[in-house]
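Heads up, the thing below is written out as C-alpha cells.
The values are calculated or read from the model by the stated rules, or taken from the named source; none is laboratory data. Keep in mind the model is a prediction, meaning the values are calculated, not measured. Every residue, glycine among them, receives a Cβ derived from its backbone with ideal geometry; neighbour counts consider all protein chains shown. For the accessible areas, the whole protein counts, side chains as well, though only heavy atoms, and no ligand, DNA or RNA atoms are used. Shrake-Rupley method; radii C 1.70, N 1.55, O 1.52, S 1.80 Å.
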Amino acid sequence: MLEPPRASARASTTVPAQRGRPGAPGPKKRKRRKDPLWARLTVVVGAVLMMTSGVAIVGSKALISQATSNISQRNLLGGAGKTNAEGGADLKGPIDMLLLGVDARQRWAADDVRADSIIMLHIPASHDQAYLISIPRDTEAQIPAFAKSGYPGGVDKINAAFQAGARNGGGWEGGAQLMAQTIKSMTGVSFDGAAIINFGGFKKVIDALGSVRICPKQEVRSIHMSYVDGKPMWNADAKKTGKPMTPVVHKKGCQEMEGWAALDFSRQRYGLDNSDYDRQQNQQQLIKAMARKATQDGVLTNPIKLKNLIEAAGSTFTLDTGGVPVEDFIFTMRGVTANDLTMLKTNGGTFNGNASGREALSQETLDMFHAVKKDKLAEYVFYHPEVISNRK
C-alpha cells in the first residue's frame with residue numbers, strides 16, 4: 001500500500017502562516033484555532049470519523065500522543081480555508097471539513113492518484129448534528145490554475161483536480177489544495193479543515209475493530225476480488241495461482257463484514273443500480289458503520305483498543321487540524337454521536353447531465369451547498385427529505 005507523503009517533522013502547534021496566493025492582499029484569514037473546542041469538529045483520526053459524547057476516553061494524553069505520532073499533518077486547504085468574514089474567527093459557528101478518499105496502490109506513482117471519494121462534512125453551529133455530502137467523482141468542473149504543480153487550469157472531471165495538484169512535486173498536499181479550491185469555486189463553501197484518507201488503509205482500521213455491520217441494498221459482485229481455495233485475493237494475484245477462481249459476491253441484507261470485504265464492497269460501482277451514486281452512499285454507510293462499531297464495542301473506553309485503533313489509522317490519514325495537537329483533538333472529543341450522522345444524496349442519487357451530456361450538479365444540489373454555506377442545512381433537509389440517504 002502506498003502511504004501518503006509525510007511531513008519531515010511533526011506539525012508545529014503554533015499558528016502557521018496565513019493561507020492564500022503569494023503577493024495577493026486577499027481577505028484577512030482567521031487565526032488558527034488553539035482552543036480544544038476545535039475537537040468538537042468530531043472528526044476522528046482514523047477509522048472513526050465520529051466519536052460519541054458521554055463516553056469517556058480512557059488513557060492519558062501521553063498515551064494518545066504516542067499512538068498518534070505517525071499521523072501526518074499538512075496544509076491541505078491552501079486558499080480554500082475560511083476567512084474571518086465567513087465565520088472562521090470563532091468556535092461558535094458551523095464547521096466544514098473536506099474528506100478526500102484516494103485509492104493508492106503500490107504500483108502507482110505518488111503523483112498519479114485521483115480522489116475518487118469526495119465528501120463534505122458539515123457540523124452546524126449547534127454542534128449537535130453532522131452531515132456527510134458526497135460530490136460525484138465525474139462531475140464536470142472548472143479546475144483553477146495551480147502554480148505549485150504547473151497546472152494551467154482547465155475543464156475536467158472533478159476527481160482529476162487532485163491529480164493535477166499532485167503532479168510535478170505538488171504531492172498529496174498540493175492535490176488536496178487544488179481540490180479544495182475547485183470545490184470552493186463550484187459550491188461557494190470554504191473549509192475549516194481537511195483529511196486525505198487512503199482507502200487501502202481502512203482495512204487495517206476495520207481489522208482493529210474486528211468487523212463492521214454493513215447492509216448492502218442489492219447483491220454486489222466484486223470486479224476486484226475472487227476466492228481461491230476459499231481465500232479472498234485480488235484478481236491479479238488469483239490469476240497467478242492458476243487455480244479455479246470464484247467471484248466474491250456481497251449478498252443483499254445486513255451482515256458483519258471483515259476489513260477486506262467492507263473495503264471491497266465500498267469500492268464497487270459497476271453493476272450497481274445507480275453506479276457511482278450508490279458507491280457514494282455505500283462509502284458513507286461504511287464511515288457510519290465504523291463510527292457505530294467503535295462506540296458500541298467499548299473501543300473508546302479501553303486504552304489498549306483505542307491505542308490499537310489510532311495506530312492503525314496513522315498510516316491511513318493525512319490531516320489538516322488547524323494546528324491543534326492530534327492528542328488534544330482526540331482527547332477532548334465531544335458532541336456528535338454516530339447516530340447523529342446524517343448521510344445526504346446529491347443529484348437525487350442518480351446521474352444528472354448538463355447540455356453536453358456530462359455529469360453536473362443539479363440546481364437542487366447547488367441550493368443544498370448554498371444552505372451549507374449559510375448554515376441552514378437542517379432547514380433545507382427538513383423541506384427536502386428526499387436528499388436523505390436510505391442506507392442503514
- Among the numbered conditions (1) buried (at least 19 other Cβ atoms within 10 Å of the Cβ); (2) in contact with a Lys or Arg (Cβ under 9 Å, 6 or more places away or on another chain); (3) modelled with pLDDT under 70, tell me where ALA312 comes up short. (3)
- Can you name the residue in the range 220-251 that is outside any strand (DSSP E or B) and touching a strand residue (DSSP E or B) at 6+ places or on another chain (Cβ under 8 Å) and is also least open to solvent (accessible area, probe 1.4 Å) among such residues? ALA238
- What do you reckon, is VAL205 at pLDDT below 95, in contact with a His (Cβ under 6 Å, 6 or more places away or on another chain) and of a type in the set (A, V, I, L, M, F, W, C)? no
- Item | Test set (1) among the polar types (S, T, N, Q); (2) under 19 Å from GLN129 (Cβ atoms); (3) more than 21 Å from the chain's Cα centre (by Cα) - SER389 fails condition number | (3)
- Does GLY154 meet the test of being without any contact (Cβ under 8 Å) to a residue 40 or more places away in the chain, open to solvent by less than 30 Å² (accessible area, probe 1.4 Å) and over 19 Å from LEU77 (Cβ atoms)? yes
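Residue by residue, here is whether (1) farther than 27 Å from SER362 by Cβ; (2) over 17 Å from the mean Cα position of the chain (by Cα); (3) part of a loop (DSSP other than H, G, I, E, B); (4) among the charged types (D, E, K, R) holds:
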| site | (1), (2), (3), (4) |
| --- | --- |
| HIS127 | yes, yes, yes, no |
| ALA164 | no, yes, no, no |
| LEU178 | no, no, no, no |
| GLN181 | no, no, no, no |
